[in-house]
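What follows is a single structure, written as C-alpha cells, with notes after it.
Rule-based calculations on the coordinates, nothing more; no lab input. Since the model is a prediction, treat every value here as computed from it, not as a measurement. Here the Cβ positions follow ideal geometry from the backbone for every residue, glycine too, while neighbour counts run over all protein chains shown.
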C-alpha cells in the first residue's frame, strides 16, 4: 500500500524532487500477517509492516498508529465495550463488559501490542474514545494529536462502544530508508491470558520464528512427571542463557486458562512457590517465560501436569479429550462415546450428570446420572442417545460434583439424527389447518407404544418483544388427558417423547410468498409495495404492538369509486398524531383462504411522494386483532389510490393455531415408508487427503435436478460427477483423480435452490 493518491497538499509539497508525479509523502508499506499452526499460537496474529521512504525528503518525526474498532460481542451488541492499557506489561486489552454477545455467546478479551518498533518496542500513545466521538481519518492534525507520544488517555471504566488508537514513539525515516513495525493481536478469556500470549508471541518473534529455540531453550528440571504440590515447594528449571528474569504462570485447568503468579523473578534456576496461593487442582500446569537482560522474551517452558492440594476443598476437574465428532457433524449412532479427563484433588468419588440440549444450549435436560472414579488417566463416557430427540442443534453438558462443588464442560453443537421408523400416511391425518411445512411423527421407543388416538394442536404466541413463539399440545383422546402440554416448537428438532412417539417439524414463520404475490395488471407494477406483519413501536415508551401472522392469502381489490369505510383506530400513546379516523375507501380486501372480506385501517402519508398505508384487523376467536400491513408507494405527491386493479398477496405458511393433526393406532415400530432426508446436505469427502480415489456423499430431501462438479483452485471446472434428476435419499459418488495433479480442489453440489461447496486435497 502507498499514499500515491493522497494529494491533499495540492502539489505544494512533493516528496521526490526528481519526480513531480509522486504525491503524498512518498511512503509505501509492505504488509505480511503470520498465524502459526501451533496450539500455543492459535489465537495470536502477528502483523509485520515494512515502511519505506521512496522519496528524497528526510522525515524527522514519523509515528505508526493503528485504529481499532473492537466490535466485541458482534454487531448490535451495544454500549458495553471498553479498553485499557497495561503500562507495566506494555499491551492494550479490550473486553465486553457483560461478557455476553449479540447471540448470547460468551465474549472474551482481545489484546494488542508492539513486538518490534524502530525505537524501544513500547506503546508510545493510547487514545480511547466512544464510537460516537471517533476521529475523522482525514483530519491530520487531530490524528497527530491523538498519536503524539506520551499521550495516554485516562479512562473512566464505564461501559460504552469503546474504540481506540495506539501508536509508536517517534522515529525518523530518511530517504530510501526502510523501518519495520511489528504488532500483534491476541485473543483469550481474560487479561492474564492475553498477557501470557503476548509473551509467547514476543519469544517467537525474537527467535525469528524458530519454534525449537522457543520451546527447548528452557525446561523444568523437577516437574517432568506428575507430582502433588502443597505448602511451599521449590521448583527448578534450566535455560541456555544465564541472567535475565523469569515470569511464572499457572493454569488450574490443564491449560484452558492462565494466571500470572509472579513476574521478573531472577533467573537463578529455582523459585520458592507458595502453593496455597494457587487454586487446588488435580491437573495444574506451570509455565515460565525467560527474558534476557534487556527484557526480551526468548523462551518458554511447560511443566508436566501436577496436583495442587492444600487445606481448602478443591474444585473437581473435567476436560473433554475427544468428543467423538466435529462441530455440526451428523451423528446417527445409538451411543456416543466421549473421552474425558476427570478427577478430584482429594480423590473423592464424583457424581456425574450428563445433560443434553436440543436448542443449541439454551435449555438442558437430564440424560443420565452415574458415579465415576477420580482418576488421572482418560475415561470414556458412553451416552445412549437413541431415545433422545433428534435435533440439528444438539449439545451435551457433562457436570461432575464432589458434593460440595462442581465443574462442567460442554461439547460442540452437532446434528443428532438417529434413524427412526416413521408413522405413515394411513396412521396420521391433517384434521385442519394451512401449514405448508415438512413434518412427521417418529417412533422413538417401540416398547412404549400404546395404539392410542392422539390429537396434536398448536398455539401461536404473539409477543411484544418481537419473538414469535409456538407451542405444541398432544391430547390422548383414548385416555382423556394431555400427554404433552405447551411444549415449545423448535424447527428441525423432535419434541419430547410421548408414549414412544415424537413430533418432528421444519417450521417457518408465516411470511410473504415472494414468488406468487403480484399485481394483476402489469401497468400497476410501477407502484412498489411491502407486505409484512403489522408492527408499531410507541415513541419513547418501548411499547411494541402485538400482531398475529394469519396463515391466509389475500386480494386487495381496487375500485373506481368508494365501496366501503375503514375502521378508526388509536395507536399508543393516545395523541392526535396516533389517532386514525374512519375514512371512505375505494378498495376491499378479500381473504382468499376463507372467502370473507377483511376489515382494515387506512391512512395516507407523504408530501413529495405518496404512501397508502393499510393494516388488517381480523377476527381471531371472536376478537379483532391486527395481523398484516400493506404499504403501497407512488413516486408522485398526493397521488390517487390505484383503481380497477387487484394486488394478490400470498403467504408461505408455518404452523399456527388453526392446525390440528391426528395420529392413531401405532402399535409397531414398522413405519409405512422409509425415512428420507429432511434437508439437503453435502458431506466432506472421504478419505481427505486422498490418492487417487475418494467418495463424495450427499443427501436430497426431495426429487431434485442435481449437479455435482469439481473445480481447481482457480475456479475452472475439471470434472462433472453428477448432472441429472435424482430421487430423494442419501447418495454417494466416487471421483477417480488418477489423471489430475496434486493440489487443492473444490466440489460443488447444486440441487434445486440448494448450493454448497467443500474443499478436497489430492496428494500424490
For the range 681-762, max minus min Cα coordinate along each principal axis, in Å, sorted largest first? 36, 23, 17
Here FRET efficiency (C-beta to C-beta, residue 384 to residue 226, R₀ 35 Å, nearest 0.05) is 0.60
Which whole-angstrom value gives the distance between the alpha carbon centres of the range 174-218 and the range 239-316? 19 Å
Enclosed volume per residue, in Å³, of the convex hull spanned by Cα atoms of the range 210-308: 88 Å³
Rounded to the nearest 10 degrees, what's the angle between the helix 191-206 long axis and the longest principal axis of the chain, both from Cα atoms, 0 to 90? 60 degrees
So if each residue of separation counts as 0.36 nm, and I subtract the Cα-Cα distance between residue 131 and residue 646, what length gain in nm does that give? 180.6 nm
Sorted from largest down, what three extents in whole angstroms do the Cα atoms of the chain have along their principal axes? 93, 79, 66
If I model a spin label as a point 7 Å beyond the Cα along the Cα-Cβ vector, how far apart are those points for residue 741 and residue 447 in nm? 6.1 nm
When you take every Cα atom in the range 317-416, what is the radius of gyration, and what is Dmax, the widest Cα pair distance, in Å? 13.2, 39
Residue 172 and residue 607 label points (each 7 Å along its Cα→Cβ direction) are spaced in nm at 6.3 nm
I need the semi-axes of the equivalent ellipsoid of the range 27-200: take the C-alpha gyration tensor, multiply each eigenvalue by 5, square-root it, list largest first in whole angstrom. 29, 20, 14
If neighbour count is taken as other Cβ atoms inside 10 Å, put 696, 372 in order from fewest to most. 372, 696
Taking 0.36 nm per residue of separation between residue 144 and residue 240 and subtracting their Cα-Cα distance, the length gained on full extension comes to 30.2 nm
